Every structure is written in structure tokens, then in C-alpha cells.
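Okay, structure first, notes after.
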Amino acid sequence: MIEQDTIKLLRECDAGVKMGVSSINEVIDFVKANELKDNLNECKRKHDKLSAEIDGLLHKYHDDGKNPNPIAKGMSWVKTNVMLSVNESDHTIADLITDGCNMGVKSLNKYLNKYEAADEVSKDIAKRLINQEQELTESISKFL
């Protein structure tokens, strides 16, 4: 049970990191304020580092990980492009990223509760990912 919950939690973290990096990549070229761009790039750097750690652990369990849900990713892409076509501003970008972070935090907390038998290493990764999302939300709140 521990190994199965561990793998499932790591998969969800993998999908969450990929979704976060993808979302940042979608908006980064539209950012005007250097501070906002720096905050997004720093979060992306931290996510990439965490992704490598997740990949290493999944490899240890002979698992390929998980990509974000294609429907969720597609809906995110549409929402981002529609909102930016109407209002291409740092406010809009901060709003989109904040919504994404909040959904990520909610999902990751749900999976932490669902896969409670997961090992402490994978739980720590999930908690660090939650923390990264919360830190980004806080750091970009002045652009809302």
C-alpha cells in the first residue's frame, strides 16, 4: 500500500509541476513588469528542480510519471488566450497564474489526504510544491 500511494502521489506531483511550468511558459512573453517576470522565472526554476527530483524517484519505481489532464490543460490554454486577447496586462497574467496556483494547491492537498500511506519523501515533495505555489501567489499579489 505504501509503494502504491507513493507512486500515485508522485504522479500527481509530476502532473502538477508540468502544468505549472506550462502555464508560466504560456504567459511569460506577455509580461511587462520585470519583477513579475522574475517571480515567474524563479518559480519555473524551482519547479524544474523539483521535477528532476520527482523524475528520479519515479524512475526508481519504474514509473513514467503523469502528464497533466489534456482537458484541463486545453481549458487553461483557451482561458489564458481569451483573457490575454481581451486584456494583455500584468494584472490579467497575475490573475490567471493565481487561479492556477490555487487550483494546484487544492488538488495537491486533496492528493496528500487521499494517498496518506505514501512515504514521507513523496509527501515532502508535495508539500514543497504546495509551498512553491503559495509563494508565487503571494509574490505576484501586488499585480492583481
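The values are calculated or read from the model by the stated rules, or taken from the named source; none is laboratory data. What you are looking at is a predicted structure, and each value in this text was computed from that prediction instead of being measured. Cβ coordinates were reconstructed from backbone atoms using ideal geometry, including for glycine residues, and neighbour counts include every protein chain displayed. For accessibility, only protein heavy atoms count, side chains too; no ligands or nucleic acids. Shrake-Rupley method; radii C 1.70, N 1.55, O 1.52, S 1.80 Å.
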Conditions (1) open to solvent by less than 30 Å² (accessible area, probe 1.4 Å); (2) in a helix (DSSP H, G or I) -> residue 121 fails only (1)
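Hey, any hits in the range 128-144 for a residue that's more than 14 Å from the chain's Cα centre (by Cα), among the aliphatic types (A, V, I, L, M) and open to solvent by 80 Å² or more (accessible area, probe 1.4 Å)? Talk me through it step by step, then tell me what you get.
Here is the first cut: in the range 128-144, the residues more than 14 Å from the chain's Cα centre (by Cα) are 138-144.
Among the residues that remain, those that are also among the aliphatic types (A, V, I, L, M) are: 140, 144.
Going one step further and asking which of them are open to solvent by 80 Å² or more (accessible area, probe 1.4 Å), we end up with 144.
For the range 128-144, residues more than 14 Å from the chain's Cα centre (by Cα), among the aliphatic types (A, V, I, L, M) and open to solvent by 80 Å² or more (accessible area, probe 1.4 Å): present.
Let's see how each residue does on (1) of a type in the set (S, T, N, Q); (2) touching a helix residue (DSSP H, G or I) at 6+ places or on another chain (Cβ under 7 Å):
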residue	(1), (2)
4	yes, no
7	no, no
12	no, yes
21	no, yes
28	no, yes
32	no, yes
37	no, yes
40	no, yes
49	no, no
Kindly indicate which of 95, 48, 90, 64 is of a type in the set (Asp, Glu), closer than 29 Å to residue 7 by Cβ and more than 13 Å from the chain's Cα centre (by Cα). 64
From the list 56, 74, 65, 100, exactly one residue is in a helix (DSSP H, G or I) and either among the acidic types (Asp, Glu) or in contact with a helix residue (DSSP H, G or I) (Cβ under 9 Å, 6 or more places away or on another chain) (or both). Which is it? 100
Subset of the range 1-32, residues open to solvent by 20 Å² or more (accessible area, probe 1.4 Å), of a type in the set (Asp, Glu) and within 19 Å of residue 56 (Cβ to Cβ), comes to 3, 12
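If I ask for residues that are assigned to a helix (DSSP H, G or I) and within 14 Å of residue 144 (Cα to Cα), which ones from the range 84-95 would you list? Break it down stepwise before answering.
First pass over the range 84-95, keeping only residues assigned to a helix (DSSP H, G or I): 84-86, 90-95.
Scanning the range 84-95 gives 90, 91, 92, 93, 94, 95.
Would you check which residues across the range 106-118 are part of a helix (DSSP H, G or I) and open to solvent by less than 20 Å² (accessible area, probe 1.4 Å) and list them? Give the steps one after another, and end with the answer.
Here is the first cut: in the range 106-118, the residues part of a helix (DSSP H, G or I) are 106-114.
Within the range 106-118, just 108 meets the criteria.
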State the number of residues belonging to the range 76-99 that are open to solvent by less than 80 Å² (accessible area, probe 1.4 Å) and of a type in the set (D, E, K, R). 3
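To keep it simple, each residue is scored yes or no on (1) of a type in the set (Ser, Thr, Tyr); (2) free of Cβ contacts under 8 Å to residues at least 40 places away in the same chain; (3) farther than 19 Å from residue 106 by Cα; (4) part of a helix (DSSP H, G or I).
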residue: 5; (1), (2), (3), (4): no, no, no, yes
residue: 23; (1), (2), (3), (4): yes, no, no, yes
residue: 49; (1), (2), (3), (4): no, yes, yes, yes
residue: 78; (1), (2), (3), (4): no, yes, yes, yes
